1. Under the rule of at least 5 residues apart or a separate chain, name every residue whose amide H is placed under 5 Å from the amide H of PHE341.
2. Would you please put 242-250, 355-363, 161-169 in order of how densely packed they are, using the mean number of other Cβ atoms within 10 angstrom per residue and starting with the highest?
3. Between region 76-101 and region 201-258, what's the alpha-carbon centroid distance in Å?
4. Calculate the length of the line joining the C-alpha centroid of region 264-316 to that of region 354-386, in whole Å.
5. Can you compute the FRET efficiency between THR108 and VAL76 using 1/(1 + (r/R0)^6), with r the Cβ-Cβ distance and R0 = 25 Å? Round to the nearest 0.05.
6. Would you kindly derive the ³J(HN,Hα) couplings of region 200-212 from the backbone phi angles with the Karplus curve 6.51 cos²θ - 1.76 cosθ + 1.60 (θ = phi - 60°), listing them in order in whole Hz, with x for Gly and Pro?
7. Nearest 0.05, what FRET efficiency do THR139 and ASN342 give at R0 = 25 Å with Cβ-Cβ as r?
8. Straight-line reach from LYS291: which aspartates and glutamates have a Cα under 15 Å away, not including same-chain ones fewer than 8 places off?
Amino acid sequence: MGSKKTCLAVLIVVLAVFSSTNFMVPVLLSSLRDLSLDAELFTCLSSGLSPLFGWHLGCHHHRHRHKHPDDSQRTVSICDNFPPDIPPPETNTTVTLCVDRNGCCNFTTVQAAVDAAGNFSQKRTVIWINSGIYYEKVTILRTRPNITFQGQGYLSTAIAWNGTASSSGGTFYSGSVQVFSNNFMARNISFMNIAPIPNPGDVGGQAVAIRISGDQASFWGCGFFGAQDTLHDDRGRHYFRDCYIQGSIDFIFGDARSLYENCQLISIAAPVPPGQKVINGAVTAHGRASKDENTGFAFMNASIGGTGRIWLGRAWRPFSRVVFAFTTMTDIIAPEGWNDFNDATRDQTIFYGEYNCSGAGANMSLRAPYVQRLNDTQALPFLNISFIDGDQWL
């Protein structure tokens, strides 16, 4: 498509994600400048984004080669400052593959590096991903276990796509990244779905940033950006630490057994005028379907903030199980706290508990009658990595 049409398309998806939170925009704008965009497109993007968020890029952009100011005979490559020790040599336990969109190492796309990992390899394949936004859909098949995504900071490295339930054949298939293998790990990277933010009740607007369907996955210092159904914590045992998770409706959902420690949970649901009791979001929608399933979400030392008037969770399936412990909650949490998916028969089977939480949203005096104020004994199984058998694999 022409530069102006491309510019408009990019602006639309960028604004869809960053209309409510813009702290990653400087990174995005810097990333755009590093791409090999034609001058008309870059000028359009920078002029369209910079006034909105208060940053100025200027109208020039990087070329792969340019003249050195002090030596007209010397050419300088964009790769000159690339870390000299990346990728490190292969060892008996690890092999490192390198991804850089400017072509400074083995691969320019994340999917190409994933495809190069060995089938059922017993070594850990570390995919080192340089700073930038990698606009692609990435799938890790179950035949490729023991993969690590190593980014350069969740505000610097991101994988983004714009799939929706409508465009992908269902919510479960809309993920920008889909992980079906075991022993996946991610550090210092963001997963984004930049599809337009749907209104509550919209059909087909669900848009997953990542789907995690393998066992023993862990995420350290990662970001998850989307709106409805951001993080599909599908199945298996998973661990999240020091992560930033953003969304609006059911933005952490699935039937996994997962522990979230020291994570920020940020609602981008539309602000609700004072005095109105409308609900326009929910943090969790856990999908435990029977009492025999050992699944659930446990949140330790989390913080919940942002906008809207939301629930901590709603019972997607009848035996939904979620616990919040030592969590700070702002007043965006509705007084009743939780929802049984408007099915009173689930009140006897769901397990929703709170333990030693604080903040204006943690007042339990008006909580729904099925919500449990946990005592020390009830809370203990959810308070450490033993909840996910982490002492065996983490």
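1. ALA315
2. 242-250, 161-169, 355-363
3. Result: 29 Å between the Cα centres.
4. Distance between centres, Cα-based: 14 Å.
5. Values: r = 20 Å, r/R0 = 0.81.
Step by step, r from the Cβ atoms, then E = 0.80.
6. Listing the rounded values in order: x, x, 4, 8, x, x, 4, 8, 8, 7, 8, 10, 10 Hz.
7. It comes to 0.10.
8. Within reach: ASP255, ASP347.
Every read-out reported here was derived from the displayed coordinates using simple, explicitly stated rules and does not represent laboratory data. Computed from a predicted model, the values in this text were never measured in an experiment. Cβ: placed from backbone, ideal geometry, glycine included. Neighbour counts: every protein chain shown.
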